[in-house]
Each structure stands twice: as structure tokens, then as C-alpha cells.
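Engineer: Below: one structure in C-alpha cells.
The values are calculated or read from the model by the stated rules, or taken from the named source; none is laboratory data. Everything numeric here is computed off the predicted structure, so don't read it as measured data. Note that we place each Cβ from the backbone using ideal geometry, even for glycine, and neighbour counts take in every protein chain shown. Side chains are part of the model used for accessible areas, which takes the heavy atoms of the whole protein and leaves out ligands, DNA and RNA. Shrake-Rupley method; radii C 1.70, N 1.55, O 1.52, S 1.80 Å.
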Number of protein chains: 2
Amino acid sequence: MSKKERQQQLLQIIDGNPFVTDRELTRQLKVSIQTIRLDRMELGIPELRERMKQMAEHSYDQVRSLPADEVVGDIVDLQLDRSGISIFEIREEHVFSRNGIARGHYVFAQANSLAVATINAEIALTASADIRFVRMVRLGEKCIAKAQVRSLAGRNGKAEVDVFTYVGEELVFQGHFVVYRSAIEEYSEGGNRSADRH
Amino acid sequence: MSKKERQQQLLQIIDGNPFVTDRELTRQLKVSIQTIRLDRMELGIPELRERMKQMAEHSYDQVRSLPADEVVGDIVDLQLDRSGISIFEIREEHVFSRNGIARGHYVFAQANSLAVATINAEIALTASADIRFVRMVRLGEKCIAKAQVRSLAGRNGKAEVDVFTYVGEELVFQGHFVVYRSAIEEYSEGGNRSADRH
DNA sequence: TACATATTAGTACCTGGTTCTAATTATTTA
DNA sequence: TAAATAATTAGAACCAGGTACTAATATGTA
């Protein structure tokens with residue numbers, strides 16, 4: 001096996017399992033540990049611990065901003081059963097790496113979270129939605145979603161919420177949500193009201 | 001400061017920043033490094049490297065299944081401009097930890113990804129959608145989304161796609177998507193066709 | 001054959017710890 | 001107040017998984 005072939009294999013192995021040690025690599029590639037290390041140098045692959053650290057840091061950033069939180073976006077204003085505003089900044093982890101455009105479901109998730117949070121009920125869940133992506137949202141843009149409750153049925157019924165999301169003055173998304181409100185734990189899209197603002 | 005108070009502080013510090021070393025902790029808590037280590041022992045907090053490893057492994061699991069991939073769900077059948085089927089298993093990272101119910105935007109994302117992937121165009125993007133969450137989806141359930149293209153406009157125009165998502169025989173989600181297709185790179189919700197199944 | 005490239009070997013050193021023994025300080029309790 | 005107990009600190013040996021560096025040995029090529 002040539003040096004190039006071996007380095008290709010090494011890339012593949014580490015790509016397939018980033019948790020592999022140099023010692024394990026020597027067993028798989030049948031070369032000395034020094035060769036493995038020279039190869040890693042040439043290929044710019046950091047040591048195992050550094051790889052794990054980078055993965056941990058990367059995931060930590062995501063965890064802090066993302067779906068670890070049951071509400072996507074930061075709710076800055078809330079008048080229960082009336083209106084709400086949330087802010088969500090489009091970051092690296094929300095976009096297609098290819099073109100820096102936000103994945104639709106993040107924009108959707110912000111609006112959905114806000115619609116549900118605005119409804120004052122033990123349990124609120126999205127029943128249906130009618131949505132439109134008015135224009136693409138790019139990396140770094142700050143989405144401001146504004147929710148308006150349009151109608152409220154009884155204590156256990158449907159509520160209708162309109163959400164408009166803006167970047168600056170521009171409308172980027174609009175949605176009409178039908179949200180079920182209930183005191184019974186059945187389908188919780190936003191869950192217990194008291195737990196929303198962790 | 002009592003031992004209990006210190007251990008509470010220690011928990012808080014590590015919770016706030018899991019990347020802190022014992023040495024940094026000695027500076028913040030003004031005790032010896034042995035005390036820090038005894039405290040970690042008592043509290044069952046692993047060493048920095050182990051913490052990073054766990055985060056990395058956890059995120060790696062997520063990355064493998066989740067939005068790192070630009071298509072949410074595994075497309076198992078695809079007839080461009082006609083129909084498509086994708087499978088998406090609801091895992092730990094897709095549900096509300098509180099009740100084990102899938103976050104709506106994952107169910108939405110699977111359907112959205114499939115609708116876009118089914119359209120045969122250089123660039124495809126979701127323009128609007130009309131969706132309904134028919135019943136909740138729980139941890140461990142396998143969502144099978146079936147897309148049917150209903151209408152196609154010219155090379156650069158709108159396409160309409162219906163997506164029905166099932167768990168077993170039960171319908172859990174339905175959506176009507178309007179997707180823009182274009183050869184011009186403008187708003188890519190699924191991106192270059194050739195890159196979808198990487 | 002001479003030279004270059006590739007590979008292997010070996011040593012010292014590093015971080016961020018664990019494990020263990022032992023000594024020193026509080027703090028409590030009899 | 002003295003003895004007992006708990007809490008804290010010190011120090012040395014050791015570990016994984018490396019880096020950095022020097023030097024020797026293959027292996028191929030002009």
C-alpha cells in the first residue's frame with residue numbers, strides 16, 4: 001500500500017470513527033505509531049483528545065441555543081392569550097453549510113414555539129398550521145417573530161394564532177397556527193406553561 | 001463557606017462551564033486541588049476529559065441522525081417528480097424530555113425534506129405549506145412519510161406535493177407543500193439535487 | 001553508488017488527571 | 001480540656017494519549 005493510499009484509508013477510518021486512538025490505527029493500518037502520527041500531521045488531523053474537545057465544544061454551542069431548549073427562540077415579550085414576540089438569531093448550526101441559508105424548520109420552529117407559548121393553557125399543542133416562507137433567511141440574521149392571537153375557544157378548545165417573522169423591516173415568514181389548549185396531558189407541543197421560561 | 005456550600009458552587013460552576021479544569025476550580029473556590037478532587041468524587045462528577053468525551057459521543061450520536069444531514073429522515077424510495085418515501089425514527093434527541101413526545105418541527109422537517117427531495121430541480125425550496133399534526137408521535141416510533149407530487153408547473157415554477165406520515169397504519173401528520181423549483185440559486189431548501197444523498 | 005524519501009525507534013516532556021499514603025487542621029463530642 | 005472525628009492539604013507514583021525531537025534504518029530512484 002502506498003503512502004497516499006494509507007493516508008486516504010486513515011482519513012476514512014477517522015471520519016468513520018473519530019474516537020479512534022493512534023494505537024488502534026497502527027493495528028488497522030499495520031504501520032508504526034510514528035508513521036500514523038506523521039500521517040496525521042501531514043493531513044492536519046488533530047489528536048484524539050483535541051478531536052473530542054472540538055466535538056464537545058461544537059455540540060455545547062448547539063445545545064445552548066437549540067432544541068435542547070423546548071422553546072426555539074428567546075421570548076422577549078409575552079401577553080398570554082394576546083400576543084408575544086421572540087428573537088432568534090440564525091447561527092452556523094441552523095443553516096445549510098453549502099449556501100448559508102437557514103433550514104426551513106428552524107424558522108418554522110421559532111414561530112411554532114412562540115404560537116404555543118402565547119396560549120395560556122396547561123397544555124398547548126399545534127393541531128395544524130398554514131405557513132409561508134416569504135424570503136430566505138441567511139446566516140447571522142436576527143428573526144423577530146410576532147404572534148397575535150386571533151380567536152380563542154373555551155377553556156378546552158382551539159385557538160388561532162398568526163405569526164409574522166421579520167428580519168429588520170422585511171417579512172420572511174408568515175404562519176397561521178391552530179393550537180389546541182387543554183388541561184389534560186395529551187399532546188404537548190409546548191408543555192406546562194410554568195416550565196417554558198426555564 | 002461550608003463543605004456543602006462549596007460543593008453546590010462547584011456543581012454550578014461545572015454546569016455553567018463543563019470545560020473547566022480542576023486547577024481553574026481551585027482558583028475560583030480557594031481550596032486545594034485535592035479538595036476539588038474529593039468533591040468531584042463525592043458528587044460523581046467525572047474529570048474534564050471524560051466530560052468532554054461524553055459530550056462528544058452524545059453529539060456524535062445526534063450528528064449522525066440529525067440536522068447535520070441536510071435531509072431529515074432516510075429516503076428509501078424516490079421517483080423524481082412523482083413520489084418518495086422516507087423513514088425517520090424518533091429518538092431521544094427528538095422528543096421533549098418531559099413526556100417523550102416528538103417536537104413538532106422534527107415531524108415537519110422530515111416531511112419538508114422529503115417534499116423538496118422529490119422535486120427534480122437544481123434548486124428546490126419550500127414556498128408555503130399547509131400542515132396538520134394528526135396525532136402525537138412518541139419516542140421510539142418510526143415515522144414513514146410518503147410524498148406524492150400533485151402538480152408540476154414548468155421548469156421554473158411551482159410544484160405541489162402532498163406528504164402523509166404514518167406510524168404503522170396510523171396517520172400522524174399530513175402536509176400540502178408548495179415548492180419552488182428553479183435552476184437559479186436563490187432560495188435553496190434542499191439544495192443541489194446531486195448532493196442530497198451524500 | 002549516491003541521494004532522497006519513507007519508515008521506524010526511542011527518549012524527554014506535557015496535560016489533566018487517578019490512586020494511595022500520610023500529615024495537618026478544624027470541629028465536635030464526651 | 002482532651003480525645004475523637006471530619007475535613008483539608010501535601011506529595012509521590014502512575015496513567016493515557018499524546019507532542020517534539022533526534023537518530024537510525026529501509027526502500028526506491030537517478
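Engineer: Within the range A:31-39, does at least one residue satisfy the condition of being basic (Lys, Arg), open to solvent by 50 Å² or more (accessible area, probe 1.4 Å) and more than 11 Å from DNA strand C (Cβ to nearest atom)?
Structural biologist: Among the residues of the range A:31-39, not one is basic (Lys, Arg), open to solvent by 50 Å² or more (accessible area, probe 1.4 Å) and more than 11 Å from DNA strand C (Cβ to nearest atom), which makes the answer no.
Engineer: Residue pairs, Cβ under 8 Å, 6 or more apart or interchain, first in the range A:80-98 and within 12 Å of chain B (Cβ to nearest Cβ), second modelled with pLDDT of 90 or more and not in a strand (DSSP E or B). List them.
Structural biologist: A:GLU92/A:LEU139; A:HIS94/A:LEU139; A:VAL95/A:LEU139
Engineer: Name every residue in the range A:104-131 that is under 15 Å from the mean Cα position of the chain (by Cα) and either within 18 Å of A:GLY157 (Cβ to Cβ) or of a type in the set (Gly, Ala, Ser) (or both), in order of residue number.
Structural biologist: A:GLY104, A:ALA109, A:ALA111, A:SER113, listed by residue number.
Engineer: Tell me which of these A:MET52 doesn't satisfy, since it passes every other one: (1) within 14 Å of another protein chain (Cβ to nearest Cβ); (2) on the phi > 0 side of the Ramachandran plot.
Structural biologist: Only one criterion in (1) within 14 Å of another protein chain (Cβ to nearest Cβ); (2) on the phi > 0 side of the Ramachandran plot is unmet by A:MET52, namely (2).
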